[in-house]
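First comes the structure, then the notes that go with it.
The values are calculated or read from the model by the stated rules, or taken from the named source; none is laboratory data. Computed from a predicted model, the values in this text were never measured in an experiment. Cβ coordinates were reconstructed from backbone atoms using ideal geometry, including for glycine residues, and neighbour counts include every protein chain displayed. Just the protein is used for accessible areas: all its heavy atoms, side chains included, with ligands, DNA and RNA removed. Shrake-Rupley method; radii C 1.70, N 1.55, O 1.52, S 1.80 Å.
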Amino acid sequence: MRIDLLLTGGTLPDGDVADIAISGSRIAAIGAKIEAEAGETIDVSGLLVSPPFVDPHFHMDATLSYGRPRINESGTLLEGIALWGELKQVQTEEEIAARALDYCDWAAAMGLLAIRSHVDTSDEAAMKGVRALLHVRETVKAYIDLQLVAFPQDGFLRSPSARDCTLRALDLGVDVVGGIPHFERTMADGRRSVSLLCEIAAERGLMVDMHCDETDDPLSRHIEQLAYETQRLGLHGRVAGSHLTSMHSMDNYYVSKLLPLVAEARVAAIPNPLINITLQGRHDSYPKRRGLTRVPEMLKYGIRVGFGQDCVLDPWYSLSSADMLDVAHMGLHVAQMTSPAGMRRCFDMVTSESAAIMGLADYGLEPGKRASLVVLDAGTPVEAIRLRADRLLVVANGRIVARRDRQPMRMSLPGRATRTVDRRFAGSV
Ligand code: FE2
């Protein structure tokens, strides 16, 4: 067998040790010992080889804009939305595209090779972002799957131009229908926006991903309407609710009825731990609510959950770095998923579970699937989260797109022999 790239001795997420043979853009074989003539052979023994990271919730039209035109002083969601309203008036299509491409460089370097980005479709100013991100989607397609969501940030019914701009964005090739029912003027308008947007998705055969109930108000129940419309229109498995933070504060009896409905409709959930823990509870004194939705409870009902990043250096968030291990780390802590199975699941929620939510074809480490993967300086998925492990090699569709040497720290401590140290753990975590 003649192949292009052979990775030897890597540890797969399930713990198996295997060689991976890559031919063209596909995985040719995975096995204990592959004998083949390879264009390049790389020893990855002792290192974790994972399918690439996936971010199912992002805002690429706003990323890397921190400080423009000013900083979010209160740190709240609502000041962020107001600040975004100012930014979108002054930023140009070229600026948006340049920032997004810079961000895609960061993402590829971190093994983040699939991103679902919302793009504002509220008004004419926002359409600069639509055009810019359609250009970026095309530019990066060899190494990043960029899926775009038409997102009427200012409210589908609240903003007079949102319906027209959202439909135009979908006509231009934006992939998914979004919404923001909790930001409409009334609960009734919120419900109506969910119905109208789901009907648009059903007519066009598209997926749905709505910002849904991103509030601490326990009576914000648009997820119920989203699940209902999913059932009514037969959109099972094609719909996601992002954030769902109000569920943190809902009455337990109501949630015991709600979660089976969400499960029946096969609506996925996309919490965004970094942002939820930062933005929610802002109106509380003490105790302050965490605001993250009920992740372990959803998993018990069989609801698919993927963790998103949401923001990097933008009007809503002044940190983050395209590192989905940061996202998993925060989600694990805030959801208190500290059992071995819970921690492992947090890794899946930034890889395979989010890939399933995005409907990515040919994702995963199996023969015949796309040869996209990341090699991490860790022995297991949980260790990768604990260390927010360095990415040593990133392969996208069979091509090496990022590479660095493993360099343990050299230590010269008084009274101790000079040596190197790394923080890998020889135990079984
Ligand atoms: Fe968002």
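Below, the figures for the structure above:
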quantity: Segment 264-285: number of residues that are open to solvent by 60 Å² or more (accessible area, probe 1.4 Å), modelled with pLDDT under 95 and not charged (D, E, K, R); calculated: 1
quantity: Test for Lys288: is it open to solvent by 20 Å² or more (accessible area, probe 1.4 Å), basic (Lys, Arg) and either within 25 Å of Ala355 (Cβ to Cβ) or not in a helix (DSSP H, G or I) (or both); calculated: yes
quantity: Options Ala202, Ala100; residue that is assigned by TED's automatic domain parsing to the domain that holds Met324 and either surrounded by fewer than 23 Cβ atoms within 10 Å (Cβ to Cβ) or away from the ligand (no atom under 16 Å from the Cβ) (or both); calculated: Ala202
quantity: Among residues of segment 211-226, those that are more than 16 Å from the ligand (Cβ to nearest atom) and among the polar types (S, T, N, Q), counted; calculated: 1
quantity: Qualifying residue in segment 389-401 (condition: farther than 17 Å from Gly10 by Cα, surrounded by fewer than 20 Cβ atoms within 10 Å (Cβ to Cβ) and free of Cβ contacts under 8 Å to residues at least 60 places away in the same chain); calculated: no
quantity: Answer residue from segment 313-322, given it is open to solvent by less than 30 Å² (accessible area, probe 1.4 Å) and part of a loop (DSSP other than H, G, I, E, B) and is nearest to the ligand (Cβ to nearest atom) among those; calculated: Trp316
quantity: Single match in Val374, Val350 (criterion: surrounded by 18 or more Cβ atoms within 10 Å (Cβ to Cβ), assigned by TED's automatic domain parsing to the domain that holds Met207 and of a type in the set (Val, Ile, Thr)); calculated: Val350
quantity: Segment 225-240 residues that are polar (S, T, N, Q), paired with ones that are assigned to a strand (DSSP E or B) (beta carbon under 6 Å, 6 or more apart); calculated: Thr230/Val239
quantity: Hits in segment 396-421 - residues which are outside any strand (DSSP E or B) and within 29 Å of Ile42 (Cβ to Cβ); calculated: Asn397, Gly398, Arg404, Asp405, Arg406, Gln407, Pro408
quantity: Qualifying residue in segment 78-88 (condition: of a type outside the set (Lys, Arg), touching a Pro at 6+ places or on another chain (Cβ under 6 Å), surrounded by fewer than 17 Cβ atoms within 10 Å (Cβ to Cβ) and free of Cβ contacts under 8 Å to residues at least 40 places away in the same chain); calculated: yes
quantity: Test for Gly111: is it outside the structural domain of Arg388 (by TED's automatic domain parsing) and more than 15 Å from the chain's Cα centre (by Cα); calculated: no
quantity: Looking only at segment 274-307, and only at residues there that are in contact with an Asp or Glu (Cβ under 9 Å, 6 or more places away or on another chain) and closer than 20 Å to Phe53 by Cβ, the one that is nearest to the ligand (Cβ to nearest atom); calculated: Ile275
quantity: Val176 vs. criteria buried (at least 23 other Cβ atoms within 10 Å of the Cβ) and either on the phi > 0 side of the Ramachandran plot or within 19 Å of the chain's Cα centre (by Cα) (or both); calculated: yes
quantity: Subset of segment 323-352 (residues that are under 17 Å from the mean Cα position of the chain (by Cα), of a type in the set (Ser, Thr, Tyr) and assigned to a loop (DSSP other than H, G, I, E, B)); calculated: Thr351
quantity: Filter result for Glu229 (more than 16 Å from the ligand (Cβ to nearest atom) and crowded, with 17+ Cβ neighbours inside 10 Å); calculated: yes
quantity: Test: residue in segment 15-30 that is away from the ligand (no atom under 16 Å from the Cβ) and within 22 Å of the chain's Cα centre (by Cα); calculated: no
quantity: Segment 372-429: number of residues that are closer than 21 Å to Val327 by Cβ and hydroxyl-bearing (Ser, Thr, Tyr); calculated: 2
quantity: Unique match (being among the charged types (D, E, K, R) and more than 16 Å from the ligand (Cβ to nearest atom)) among Asp310, Asp348; calculated: Asp348
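Residue-by-condition table, conditions (1) more than 20 Å from Gly80 (Cα to Cα); (2) open to solvent by 10 Å² or more (accessible area, probe 1.4 Å); (3) more than 16 Å from the ligand (Cβ to nearest atom):
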residue: Asp105; (1), (2), (3): yes, yes, yes
residue: Ala109; (1), (2), (3): yes, yes, yes
residue: Ser122; (1), (2), (3): no, no, no
residue: Ala132; (1), (2), (3): yes, no, yes
residue: Arg137; (1), (2), (3): yes, yes, yes
residue: Val140; (1), (2), (3): yes, no, yes
residue: Leu146; (1), (2), (3): yes, yes, no
